[in-house]
């Protein structure tokens, strides 16, 4: 076995040892053991979410109320004796003065538990003393033993022959840790064309797109799986329509990697973590760096020259340099570190969710009381009848999403465990004797924090007015979806409500999509920084439509192709808009599987490239082109506020629209293919909430004929596929006729799907 100097050890060599044998070799009188470096994590989870808050990754005993398997390792010491024991930990509910200590754990040395129970003191991360323990010369077995299954946590263990208390420093890779761990001050050097930080949909889209267009790419992700919020760790299903709009090839890469979960949260298998990683690793131009946390930026003038990231399991630092960088962190972290202009909505931000799932066993299942969780009864939360707690388990609206993310996550856990306690041990007990928790997300699903500012800051007005930017590229088809605390559930906990509701704004074409400008995807003052995902240059309101998974991924696709132009032409992201926009359009019109080895090689279109999509996407309704004289609602003119729907079938093309806003009107323009008498018809589907007296006006283009009808849309239409006659007109060949529907006086929702001219003689 390799021996290291007793006064200073090399962390890189220890990493190699850990891969071969569960043994650490430590300094004689001071022993620092980072828990992430344990050779066997057992049932403990490696939590890397809060490194910027508390300085380190840590192990988390996330057992859903059942103690998890021990985390174990072996240490070797030069000198046996009585050592003072410390563990950096916290009582994670103490900040709320909650009853009980849910995070209790023991430290076991050579099969003997230390007398101190850890995780019982301190509302903040600090070193808890554990008294004296005996270490023998040579090899010693070390274990973390969870006592509750309720999220005990340990950052590091410190053993010393003196009474010296270790410094409580939350700086990332603080100097005293570096010295004890022997981490080299000089990082490993790596150089690329494009460095992408963040392995969610936006980062994967940027990395794959850039690599296929010939860039040498580093993809840095601080966790062990790809997908971000769209991974099995968080389980937000992939939403946002792809392959449509002005450039329907955008989204083909995302189609390769996206999940097809049927609900959110779905199952582990539905999120296909392995598929995502396999596709990324298949790209020869991508160097995937999992378990790497980017914490430092080097700059030269107004450009980033390098990003430093450390391996969260070993501490080894790598310096990733290159001419171009992509911030796909979600929080705008790299831009912030580089001094990029940024903003964050001061209040009423969207919060973080931690979803959960439960199931029924064939026999009765017990669940421990949780006096430290939120004090809930069944009426305090929406009962998850579909066996899962969905997206609306959300909190932290006015809390610090950057400096107190751990607190927001922990509050969410208290809400979930308190809710299940109500189901099992309180007024829901009779109905849930066989119920058990099967999954609770310990990785938070954040929606909003810091946004980086580009040359365009997209606003809600831009989207609703359909402002046409010349560089509009990525189609955003999600409505302007903003979340707020749900008042009926906020009474008990007004300081931090944990149930939200969504307000879906109007004005987004959910079929064609609103093209988001490329100028939202690069920093206005850090000249070589792209951004993709929810940290792009938009307002709080506009974020509501661009933040969903597939839309963020398409941003990455555009950024990756723009980066290849920058490398080929030795220019910067802004130059792509100002001087090479035609080149970008040419590239985003290529299939997603198009590739070249370097930026100077010829582009190859593989035989398995997808067929060109319809600009409006793939219709899932009746094909209006197969019905003579039919005009779909996508060709109508709308005034006022209209919603889009697909719930009532059959419908034409993508769906229909409906409105009860008195100012709303919809007008179809039809043209007679020949002279004759025609029946004018509208298409709708009946429903009790539809208008009982919808005014309909039929007018020829030259106003020689005018008819008025009142249609009861709660009743079944007179013809197949939802068509209903609103009067007959005699027309010349080529004569136009207008059919207008009005919400004023309709006594319910006006349903607008299609209009038709049918020749009757």
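We did not get these values from a lab; they are worked out from the coordinates using the rules stated. In this text the structure is predicted, and so the values were computed from the model without any measurement. Cβ sites come from the backbone with ideal geometry, for glycine too, and all protein chains shown count toward neighbours.
Note on residue 96 and residue 178: the model spin-label points, each 7 Å out from Cα along the C-beta direction, lie 3.8 nm apart. Once C-alpha pairs closer than 8 Å and six or more residues apart are averaged by separation and normalised to the residue number of region 624-759, the relative contact order reads 37 percent. Dividing the mean sequence gap of close Cα pairs (under 8 Å, 6+ apart) by how many residues region 352-446 holds gives a relative contact order of 55 percent.
Please compute the volume of the convex hull spanned by the alpha-carbon atoms of region 11-181 and report it per residue in Å³.
Working: hull volume 18.5 nm³, N = 171.
It is 108 Å³ per residue.
If you take the alpha carbon atoms of region 352-446 and fit the smallest convex hull around them, that volume is 90 Å³ per residue. Any idea what angle helix 11-20 forms with the longest principal axis of the chain, computed on alpha-carbon atoms, 0 to 90 degrees, nearest 10? For 11-20 against the chain, the angle is about 80 degrees. Of interest is the spacing of the C-alpha centroids, which for region 104-134 and region 500-549 amounts to 47 Å.
Determine the relative contact order of the chain: mean sequence separation of Cα pairs under 8 Å and six or more apart, normalised by residue count, in whole percent. The partial results should precede the final answer.
Working: 2018 pairs, mean separation 90.5, N = 761.
Computed over the chain, the figure is 12 percent.
Using the beta-carbon distance between residue 348 and residue 123 and R0 = 25 Å, what value does 1/(1 + (r/R0)^6) give for FRET efficiency, to the nearest 0.05?
Details: r = 27 Å, r/R0 = 1.06.
Computed FRET efficiency for residue 348 and residue 123: 0.40.
Here r is the Cβ-Cβ distance between residue 575 and residue 163 and R0 is 51 Å; the resulting FRET efficiency, rounded to 0.05, is 0.25. Computed from Cα positions, the angle between helix 405-425 and the longest principal axis of the chain comes to roughly 80 degrees.
What Kirkwood hydrodynamic radius, in Å, does region 505-622 give when the mean of 1/r is taken over all pairs of distinct Cα atoms and then inverted? Present the calculation step by step, with values, prior to reporting the outcome.
Values: mean 1/r = 0.0628 Å⁻¹.
It works out to 15.9 Å.
When 504, 331 are ordered from fewest to most other Cβ atoms inside 10 Å of their Cβ, what list results? Could the numbers behind the result be given before it?
Working: 504 14, 331 24.
Going from least to most buried by this count: 504, 331.
Packing around the peptides 418-426, 469-477, taken as the average count of other Cβ atoms within 10 Å per residue, puts them in this order, highest first: 469-477, 418-426. For the chain, the longest principal axis of the C-alpha atoms and the axis of helix 549-569 are separated by about 80°. Label positions at residue 268 and residue 643, each projected 7 Å from the Cα along the C-beta direction, are separated by 3.8 nm.
At R0 = 35 Å, how high is the FRET efficiency between residue 255 and residue 671 if r is their beta carbon distance? Nearest 0.05 is fine. The partial results should precede the final answer.
On the way: r = 37 Å, r/R0 = 1.07.
With a Förster radius of 35 Å, E is 0.40.
In this simple spin-label approximation, residue 635 and residue 495 carry label points 7 Å from Cα along the Cα→Cβ vector, and these lie 6.1 nm apart. When both region 395-466 and region 210-274 are represented by their alpha-carbon centers, they are found 21 Å apart.
Once you reduce region 679-739 and region 148-176 to the center of their Cα atoms, the two points are 75 Å from each other.
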